[in-house]
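Working notes, structure below.
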Amino acid sequence: MKSFFHVQDIGNLDAALKEAMEVKRTPFAWKHLGENKTIMLVFFNSSLRTRLSSQKAALNLGMNPIVLNIGQDSWKLETELGVVMDGDKSEHLREAIPVMASYCDIIGVRSFAGLSDREFDYAETVLSQFLEFSGKPVISLESATVHPCQAFADLITIEEHRSSKRPKVVLTWAPHPKALPQAVPNSFAEWMNAADVDFVITHPHGYELDPRFAGNAKVEYDQFKALEGADFVYAKNWSCPGVTNPADYGKILSRDMAWTVDAAHMAVTNNAYFMHCLPVRRNMIVTDEVIDSDRSLVIPEAANRVVSAQVVMKRMLEAMQD
Ligand code: CP
């Protein structure tokens with residue numbers, strides 16, 4: 001595996017899920033694979049789960065993880081080509097990437113969307129420079145448009161808890177005080193479209209996800225109708241993807257608290273499990289009652305981030321041995 005951005009990069013989903021269960025059962029069985037190998041985890045943005053689960057996955061495989069917080073531990077980096085660097089950014093990605101790559105065997109990158117320039121974000125301008133200039137396998141640890149390690153962990157969690165062959169999974173938008181990127185819902189939609197589930201997306205008008213990710217998923221604008229009979233409710237806020245109106249890209253179009261997932265929403269489901277990638281704003285996205293209920297999967301979902309990261313790193317290390 002040369003890179004991990006999209007669901008296609010993991011190949012057959014059944015095989016990937018089987019491998020994930022094996023990794024979960026015996027996490028230290030491949031400790032020899034990472035011997036004398038180093039993974040560089042580069043963070044342009046904050047993280048709790050991604051940072052810790054990636055380090056843990058690397059350690060389980062016998063690798064040495066190095067974490068670099070750009071702008072805090074390092075110089076501030078310029079990401080755009082052709083600019084006169086007379087501001088606060090001391091180094092360009094063009095030099096920093098090959099230097100970092102010379103110290104490691106795999107690179108993971110967290111780089112959020114700026115939410116001001118749709119073209120820049122949806123071209124994955126930062127991540128693609130890592131691919132181009134590192135010469136090393138690259139993992140998106142949530143980049144401008146995707147969060148594949150999260151979506152893979154979500155799929156593993158659904159696989160562990162589903163009671164029917166083809167469960168109904170609903171991705172619902174929920175309110176948030178800040179404008180958030182679309183990476184999590186994009187990847188969740190992409191992975192659910194590839195999985196054997198009945199997938200429905202619900203959000204207020206204007207929040208349509210980019211068709212590259214929404215695919216042929218059913219979109220239902222009536223949230224209660226969408227949630228009827230759901231087996232899994234996946235809540236997430238995202239800002240306007242700018243599909244119907246590019247000028248609205250990255251904006252907050254709705255603050256409607258009627259979309260907060262509460263007991264009344266869960267009551268129309270098939271006793272659904274509640275999911276969220278975390279961090280979550282309580283009583284904005286979901287009420288205390290729902291997230292604290294015995295149907296909430298937010299903690300096992302976060303724990304599965306180690307498993308998804310480990311499968312990806314394991315495959316990259318195995319490919320190096322070929
Ligand atoms: N879900 C997730 O990626 O969490 P962090 O932002 O804390 O890494």
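Please treat every number below as a calculation from the coordinates, not as lab data. This is a predicted model, so every value here is computed, not measured. Here the Cβ positions follow ideal geometry from the backbone for every residue, glycine too, while neighbour counts run over all protein chains shown.
Per residue, what volume in Å³ does the Cα convex hull of segment 99-191 take up? Intermediate results must be reported in sequence, preceding the final value.
Details: hull volume 12.4 nm³, N = 93.
Cα convex hull per residue, to the nearest whole number: 133 Å³.
Taking K and R as +1 and D and E as -1, what net charge do the other residues with C-beta under 10 Å from the C-beta of V268 add up to? Present the calculation step by step, with values, prior to reporting the outcome.
Numbers: positive: K225; negative: E228.
Once all neighbours under 10 Å are counted, the net charge is 0.
Taking the Cα centre of segment 27-112 as the origin, how large is its charge dipole in debye, to the nearest 20, when only Lys and Arg (+1) and Asp and Glu (-1) carry charge on their Cβ atoms?
Values: 9 positive and 9 negative charges, 109 e Å.
It comes to approximately 520 debye.
Which of the three applies to segment 167-247, rounded, prolate or oblate, going by the alpha-carbon gyration tensor with a ≥ b ≥ c and a/c under 1.5 meaning rounded?
Here segment 167-247 falls in the prolate category.
Above 19 Å lies some portion of the pair distances; for segment 266-322, what is it as a whole percent of all C-alpha pairs?
Details: 725 of 1596 pairs.
Summing the P(r) of segment 266-322 above 19 Å gives 45 percent of all pairs.
Placing +1 at every Lys and Arg Cβ and -1 at every Asp and Glu Cβ, with all other atoms neutral, what dipole size does segment 120-239 have around its Cα centre, in debye to the nearest 20? If you can, show how the numbers build up before the last one.
Numbers: 10 positive and 16 negative charges, 24 e Å.
For this selection, approximately 120 debye.
Projecting each Cα onto the charge dipole of segment 177-322 (Lys/Arg +1, Asp/Glu -1 at the beta carbon, about the Cα centre), which of T202, T269, L227 comes out farthest on the positive side?
Checking the options against the dipole of segment 177-322, the answer is T202.
With axes computed from alpha carbons, what is the tilt in degrees of helix 148-161 against the longest principal axis of the chain, rounded to the nearest 10 within 0 to 90?
50 degrees
Restricting to Cα pairs below 8 Å that are 6+ residues apart, what does the relative contact order work out to for the chain? Please round to a whole percent. Please report the intermediate quantities before stating the final value.
Values: 646 pairs, mean separation 62.8, N = 322.
Relative contact order of the chain: 19 percent.
Using unit Cβ charges (K, R positive; D, E negative) and no other charged atoms, how large, in debye to the nearest 20, is the dipole of the chain about its Cα centre?
Values: 32 positive and 41 negative charges, 127 e Å.
The dipole of the chain has a size of about 600 debye.
Which value, in Å to one decimal place, does the Kirkwood hydrodynamic radius take for segment 1-114 when every pair of different Cα atoms is included? If you can, show how the numbers build up before the last one.
On the way: mean 1/r = 0.0621 Å⁻¹.
It works out to 16.1 Å.
In 5 Å bins starting at zero, report the fraction of Cα pairs in segment 80-123 per bin as a rounded %.
Going from the shortest bin to the longest, the percentages are 5, 15, 19, 24, 24, 11, 3.
Net charge within 13 Å of R162 by Cβ-Cβ distance, Lys/Arg positive one each and Asp/Glu negative one each, not counting R162 itself? Mind dumping the intermediate values first?
On the way: positive: K165, R166, K168; negative: D154, E159, E160, D196, D198, D231.
Local charge sum for R162: -3.
With an 8 Å Cα cut-off and a minimum separation of 6 or more residues, compute the relative contact order for segment 206-281 in percent.
41 percent
For K251, what residues show an amide H to amide H distance below 5 Å, using hydrogens built from the backbone and excluding near sequence neighbours?
Residues meeting the amide H criterion: C240.
With θ set to phi - 60°, apply the Karplus curve 6.51 cos²θ - 1.76 cosθ + 1.60 along segment 241-249 and write out the HN-Hα couplings as whole Hz, x wherever there is a Gly or Pro.
x, x, 7, 7, 9, x, 5, 8, 3
Gap in Å between the Cα centre of segment 270-292 and the Cα centre of segment 133-154?
Cα centres, segment 133-154 to segment 270-292: 25 Å.
Ranked highest first by the average count of other Cβ atoms within 10 Å around their residues, in what order do 53-64, 134-145 fall?
On the way: 53-64: 21.7, 134-145: 24.1.
Top to bottom by mean Cβ count within 10 Å: 134-145, 53-64.
In Å and whole numbers, how far do the C-alpha atoms of segment 186-313 stretch along each principal axis, longest first?
Principal-axis extents of the Cα atoms in segment 186-313, largest first: 40, 40, 26 Å.
Using the Kirkwood formula on the Cα atoms of the chain, what hydrodynamic radius do you get, in angstrom to one decimal? If you can, show how the numbers build up before the last one.
Values: mean 1/r = 0.0496 Å⁻¹.
It works out to 20.2 Å.
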